[in-house]
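Everything on this sheet refers to the single structure shown next.
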Amino acid sequence: MALPPPDPQFVLRGTSAAVHTLHFSCGGQEPDVPILFSGSENGFIHVWNLKTHRVDTALDGHGRKSVYCVETMGDKTRLLSQGRDQRICLWDLAEGRTAVTDSVFTENVGFCRCSLLTVAQGRWLMAMAAKALEEVQVLELPSKTSVCTLKPEAGAKLGMPMCLKLWQLSSGSQPLLLAGYEDGSVVLWNLSMGKPLSQLACHQEPVMSLDFDSEKTKGISGSSEKVLSIWSLNEQQNLQVYKTHNLVNAGISDITIRPDKKIVATAGWDHRIRIFGWKKLKPLAVLDYHTATVHCVSFSNHKNPRERLLAAGSKDHRISIWSIYTQT
Amino acid sequence: MAVFDTPREAFGALRPACVRLTRAQTAENVWRLAARLAAVSGPALQELQEYVLFPLRFALRAPGPRRERLVQSAVRCIASVLAATAVRRPELLRELLSELCACLGPGPGPGPGAPAPPAEDVKLAVTEALHTLLHSASGDVVLSLYQPSTLPLLGFAVSLLLGLAEQERAKQLKVSALKCLQVLVLQCDCPEHQPLGDDEAQQCGDLFASFLPGISISLSRVVTGDIKQGHKPTVSAIRLFYLVVGLVMADAQLARVPKSKEKLPEKQSRISELMVHRGPDWSKSTAEKLSLLLHKMVEFSSVHPHWKVRLELVELVHHLLRNCSHSLGDSFTHLLKALVGLVNDESSEVQSRCNEVLRGIAEQRIIAQSRALADVLSENLHSLATALPRLMSSQDDTGKVSTLSLLLGYLKLLGPKINVVLNSASHLHRLSKALMQVLELDVTDVKIVEDRRWGCEGALQPGVQKGRCQKKYFRFFTEEKVFQLLQQVCRVLGYYGNLYLLVDHFMGLYSESATYRKQAAMVLNELIAGAAGVGVDVLQEREVSPNVDDLKGSVTSILDEYTDQANWYLITSIDTEEVSHEQRAVHHTGLPARAGGVCSTVLLPSPEPHATTRTMNSNIWQMCIQLEGVGCFAAVLGKEFRLLLLTALYPVLEKAGDKTLLVSETALGTLADMCEACGYGSVQLLINDNSDYLVNGISLGLRQLAQQPRASRVLDTMLRHSDASLLPLVEDVIQDVLSTLDQCYNSQASTFLRVLHSVMAALDEVPHLGKPEPNNCDTEGEAPLPSHAQLAKDVLERCIHLLSDRSLRVRLKVLDVLELCVMVLHPHGNHLLPMAHRAWPALVTRLIGDDPLAVLRAFKVLCTLAQKCGDFLRQRFSRDVLPKLTSSLLSQAPASARAGPVYNHTLAFKLQLAVLQGLGSLCEKLDMGESDLNKVADACLIYLSAKQPRKLQEAAQSVFLHLMAVDPDRTWLLLTETCCPHGYEPPHVSLRPVKLGGMGRQRHELTDNVLLLLERLRQRESAAQESPP
């Protein structure tokens, strides 16, 4: 008999606004407290203490404009956040500080989340949608020097970039960028040449989110349609459709592959979180808790696999925390 | 009053008497001398000491058959001389000793047969004289006695005295002999005596070793002798025993004994044979023999009826433990057992001394330093643990007390070494088995199950009493003392023992079987208390206290187990509503009680279909014990417990609302403990501060059908204790409630209505923020409602559906909630009216065709509604409801007028009553028009008849009283038409006389009530005139 779908392990309340992005920082050793960062529509970044399940600090750095991307840079003391005020802020949170140390003015009006990749100790690459509608700009952090600007060929009509994923095959190898566009296609960019390597039309509608498994060189994307698209990258660095998966309800706002590459979670407009096996995209569970669109899903980076958590943020102001398939 | 101060004078005075005595040895002459002696000063006598003693000694040696009187008087006289003087010559001492001793032996009597032993008086006089003699000799002189050469003399004296102590009947004589012996072995406890130096002691030890067998055997016989001899000889014998043994067997001395026997000079070779060499072999065999004697003595005296004997036993153990812990190692099995057992002696002197001694032992780390003793103790503990289960089931309360005190004593003495025993699985097993057995609760009391909590649900008094343990009743004992001892045993275990090991072991028992569960939980609670050092009475500090994290780790794992669904949700009542849910609960899923579940669902065994009183009682107790545990954990962890509130607060609050009195009381106590531990001033603050945790638990609980009643109960409790500051959080969860309600109207309605009622009641008390909309705001658009009003609207919506629920209870509750919703929505007319419109049809049905109770409540709702939307309701009421009500009142009136007393119990009567009771106020509130009022008055008038049942008359009166408020004149007219007591004379002849319908009528059935009403009306009017508005 199949087990009934589980309940959330805990629900975090108190953002008093729709939650748009979540990011865990749980890799520290005791007595380091596991942390969850959440960014919400009212411009606050809440720092949740996962021991007490309460907000430790609320960061206010985006002029009360929606925060839609939060990432840590290394440990939990350095934070990057992106908001609808067209700014990407870099935070110093060490020793209880809550200061914005630097910021990047994106001049982009969309809501494409930036993507961060560690290239060396204390050095990151960040891809973000640029001022020009179709362009993606890659910067080096913390120096903020521009690495390249990725411009689609004239007449490509990709539309705006919707989602980005910087990755590299292995540490030290050439960083690549996967970008999902408004027209439903996913493009693989070579950063050093600034040229697209491959382009694949995955969806009819804008690509809302994508994630990529660099080990299996396989990615997944979702759009506003009732379809999940799984595609792979062959040796010639060509993207090809691997499989599509039909959903009952349309609209996927976020997709995340768990760091161990065993399962995938999607955040649905139908208020539900769906869990799939990553290998064959076997549906495993439908997590039904939220009462409005789920905006984001995120997996924790706990050292102990059994403690790993899944968090989902929703328009209903709540963040649900789940402990699922930790044994697999 | 010495008359003769100088030796010369004294000599002059004493000489004649001495001479006389020398010539004729008679008692009279001795007395004469004694009388003279009294007048001689001490210093003077000292000079003449030997001179005076000579005739007396001579008298003792007088040839021929012994004359008792003479001997006795001579001995007394010698004693008096010795008391006043000091013996300065060793020879004199020896001679006197041997001469006095000779008096004790049978005289050289010439008489036929066995020589007669001396009389008791003589013996007493002699022992006293010996005593005096030994005190009279100065230090060096006395020591000169203790040479190998005097061994025979000493032996002679010792054996005589022992003989007296053992064989004499007279108590005084026995005691005197023992005292004398004590001096003889240089153990006198009077202050003049200097303690022996090490070398001297060693020398004496060597000497006395020869007497040890005799002394110890004889003394042990005295000790274990006839109890009728009284306590004094026994006490003295015990003391002498330990003093001698303590000297001869002293570890310090034995350690200094040379390997081989010292060679004495040739001439003393015979003496040398008498000397004992206290080598290892000797001490070993002696210790074995002594062990037997000690065992016998301890057995005997530990139960001696006189406390001084038992006290002396404590001293014995103390003395031997201090001096001979090594040499007498084996004996300590019995000695420690006796000591530990005496901790709970009935005499407080014995108790306190015993405790003092134990503490001393512990402080000096005698046990810790001596492997032998630790081994002895753990061996004792082993054997006690083995016998414990049997003892616990066979002994009576007194027996249990002594067994458990013994156990406790061993544990305390072992202290940190407890773990040696705990590490042995079989002993831990036996120990715990015995605890499980004896802690079994008596679960037969039906009252526990019957006692229900009534009244305001979930109300926690602001100052709930601090968590005190509920008084428990045990199956195998009733004595409170037994429980206290068990508690201490567990705490001491927790204090010294390896906490992980213990918690693990007892958690195993907890989950192993339901039979042990309660006991294991009790033990676990006490273990934690002990580990934290709370309420534990120990003899020595432990070396390392567990740190808070360890403690927290253990507490967390116990807490998880306690609040696991299978252990937290037990059937404690046969309340149909609850049981069905609880059972469903268990069938449905196995989520832990604490918020948040893991997908690893446990399938629980289905509950027994018919819970017996016994199982329910047992479950109630288990609940209480677990709750007490939580309280104890909180107390132990203090502020650290705050982190655990996340998991613990919700389940406890759940139980605070339990219907079983005992459970809810205990939970309240636990809450109080939590408050104190976490530094909250009140339960309210505790709840307020942690409402996010509660809301989380509630929200998740609502998702489980089985959990819903409990979740709603917690919400209910929470609402009663929170204030407006929590509203945003609460609103969030109320939406959950509503959506859950939407999914299951049938099954859970009444549960949720209770919550909705609390919510609405809370909202109603919230000061209405923001400006209330103007009353006549038809023009205003759909302004967004404040959130609490929106909530009320949402709730009202659900109420409309539930108004026609099948269950009367639900309908009644709905009507209550509805009324509250109306009150909250009050300021928002343009939202209220459409809702009222929608609710109307269902409400009408309640008014005209429902149970009387519902009718009455519906009237109440209508009244509230009427205050707000009068116009709106008036029309509908007079159209839809009033005709039906009045016609039914009219048609029923003849029936009720005819009816007998049984009618009061019929439905028809109750309906009539409800309508009459409700109608008046409604008329007033709705401000009804003339024709409607007439209809009401007409219908009610006949109920003023004296033939109607009393209650209906009163209800009808109330209608008229309300009508008076609306329109007094019309009511007056109506009433006077029926009956008019006064004539109304026109003030002027030109006016026509007043003619009223009721004037001059005979007294009839309505008269009394109408007159009453008219009188009330008059009072009203005059009151209104006196105090103009």
For the stretch A:125-156, run through the GluC sites (Glu not before Pro) and keep only the ones in DSSP coil with at most 11 other Cβ atoms within 10 Å of their Cβ.
A:153
Just the number please: accessible area per residue for the protein assembly as shown, 1.4 Å probe, all protein chains included, in Å².
43 Å²
Using modelled backbone amide H atoms (1.01 Å from N, in-plane), which distant-in-sequence or interchain residues come within less than 5 Å of residue A:272's amide H?
A:294
Once the dipole of chain A is set up from charges on Cβ (+1 Lys and Arg, -1 Asp and Glu), the residue from the list A:24, A:39, A:58 lying farthest towards its positive end is A:24
Would you list B:474, B:156, B:752 from the most to the least accessible area, probe 1.4 Å?
B:156, B:474, B:752
Mind jotting down the distance between the C-alpha centroids of the stretch B:864-896 and the stretch A:46-96, whole Å?
64 Å
Rounded to the nearest 10 degrees, the helix B:49-60 long axis (Cα) sits at an angle to the longest Cα principal axis of chain B of 90 degrees
If R0 is 22 Å, what FRET efficiency do you get for residue B:68 and residue B:39 from their C-beta distance, rounded to 0.05?
0.20
For a test of the definition: using alpha carbon positions, the gyration tensor, and the 1.5 limit on a/c, classify the stretch A:92-141 as rounded, prolate or oblate.
oblate
Over 19 Å between Cα atoms, which of B:174/B:308; B:868/B:951; B:813/B:860 qualify?
B:868/B:951
Largest fluctuation, A:217, A:72, A:266 only, Gaussian network model of chain A with Cα springs under 10 angstrom, belongs to A:217
Measuring from a point 7 Å past the Cα of residue B:24 along Cα-to-C-beta, which residues in the stretch B:68-91 have an amide N at less than 16 Å?
B:70
Of every hundred units of 1.4 Å-probe accessible area on the stretch A:19-105, the number belonging to carbon and sulfur atoms, as a percent, is 46 percent
Give me the summed buried accessible area for the A-B pair, 1.4 Å probe, to the nearest 100 Å².
1800 Å²
Against the longest alpha carbon principal axis of chain B, how many degrees, from 0 to 90 and to the nearest 10, is the axis of helix B:829-849 turned?
90 degrees
GluC sites (Glu not before Pro) within the stretch B:923-1029: DSSP coil, no more than 16 neighbouring Cβ in 10 Å:
B:1005
Using modelled backbone amide H atoms (1.01 Å from N, in-plane), which distant-in-sequence or interchain residues come within less than 5 Å of residue B:441's amide H?
B:475
Additional length obtainable on full extension of the chain from residue B:907 to residue B:1020, 0.36 nm per residue less Cα span
37.2 nm
Over what distance in Å are the Cα centres of the stretch B:982-1029 and the stretch B:809-857 separated?
40 Å
Per-residue HN-Hα couplings for the stretch A:210-218 [Karplus 6.51, -1.76, 1.60; θ = phi - 60°; Hz; x = Gly/Pro]:
8, 9, 9, 9, 6, 6, 8, 6, 9
Expected integer from the mean partner chain Cβ neighbour count at 10 Å over A:9-17 is 5
Extension gain, residue B:543 back to residue B:285 (0.36 nm per residue minus Cα-Cα distance, nm):
89.1 nm
Name the residues of the stretch A:9-26 whose amide N is less than 13 Å from a point 7 angstrom out from the Cα of residue A:304 along the C-beta direction?
none
How much length would be gained if the chain were fully extended between residue B:51 and residue B:612, taking 0.36 nm per residue of separation minus their Cα-Cα distance, in nm to one decimal?
192.1 nm
Give me the angle, in degrees from 0 to 90, between the Cα long axis of helix B:708-720 and the longest principal axis of the Cα atoms of chain B, rounded to the nearest 10.
90 degrees
Can you give the mean number of other chain Cβ atoms that lie within 10 Å of the Cβ atoms in peptide A:44-55?
2
Around residue B:1015: net Lys/Arg minus Asp/Glu count, Cβ-Cβ under 14 Å:
+1
What's the local net charge at residue B:496, with K and R +1, D and E -1, over the other residues with C-beta under 15 Å away?
0
Looking only at other chains, what is the average number of their beta-carbon atoms within 10 angstrom of each beta-carbon in B:696-706?
3
Cα-projected label distance for residue B:398 with residue A:242, points at 7 Å along beta-carbon direction, nm:
8.4 nm
Helix-only mean residue ellipticity at 222 nm, chain B, DSSP H runs n ≥ 4 weighted -39,500 (n - 2.57), per residue, nearest 500. What is it?
-22500 deg cm²/dmol
Where nothing but the Cβ of Lys and Arg (+1) and of Asp and Glu (-1) is charged, how large is the charge dipole of the stretch A:19-105 around its Cα centre, in debye to the nearest 20?
260 debye
Among A:178, A:90, A:197, which one shows the highest mean-square fluctuation when chain A is modelled as a Gaussian network with alpha-carbon springs under 10 Å?
A:197
Kindly provide the Kirkwood hydrodynamic radius of chain B in Å, to one decimal, from all pairs of distinct alpha carbon atoms.
38.1 Å
Describe numerically, in nm with one decimal, the distance between label points set 7 Å from Cα along Cα→Cβ at residue B:98 and at residue A:57.
10.2 nm
With +1 assigned to the C-beta of every Lys and Arg and -1 to the C-beta of every Asp and Glu, and no other charges, what is the dipole magnitude of chain A about the Cα centre in debye, to the nearest 20?
540 debye
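Work out the FRET efficiency for residue B:639 and residue B:689 from their Cβ-Cβ distance, taking R0 = 22 Å, and round it to the nearest 0.05. List each step's numbers first, then the result.
Details: r = 13 Å, r/R0 = 0.58.
My answer for the efficiency is 0.95.
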Where is the GNM fluctuation largest for chain A (alpha-carbon springs, 10 angstrom cutoff): A:181, A:242, A:289?
A:242
Which whole-angstrom value gives the distance between the alpha carbon centres of the stretch B:926-958 and the stretch B:268-288?
119 Å
Pairs from B:232/B:481; B:884/B:910; B:179/B:412; A:151/A:279 whose Cα-Cα separation, in the structure shown, is over 25 Å:
B:232/B:481; B:179/B:412; A:151/A:279
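The values are calculated or read from the model by the stated rules, or taken from the named source; none is laboratory data. In this text the structure is predicted, and so the values were computed from the model without any measurement. In this analysis, Cβ positions are derived from the backbone assuming ideal geometry, glycine residues included, and neighbour counts consider all displayed protein chains. Please note that ligands, DNA and RNA were not included when accessible areas were found on the heavy atoms of the full protein model with its side chains. Shrake-Rupley method; radii C 1.70, N 1.55, O 1.52, S 1.80 Å.
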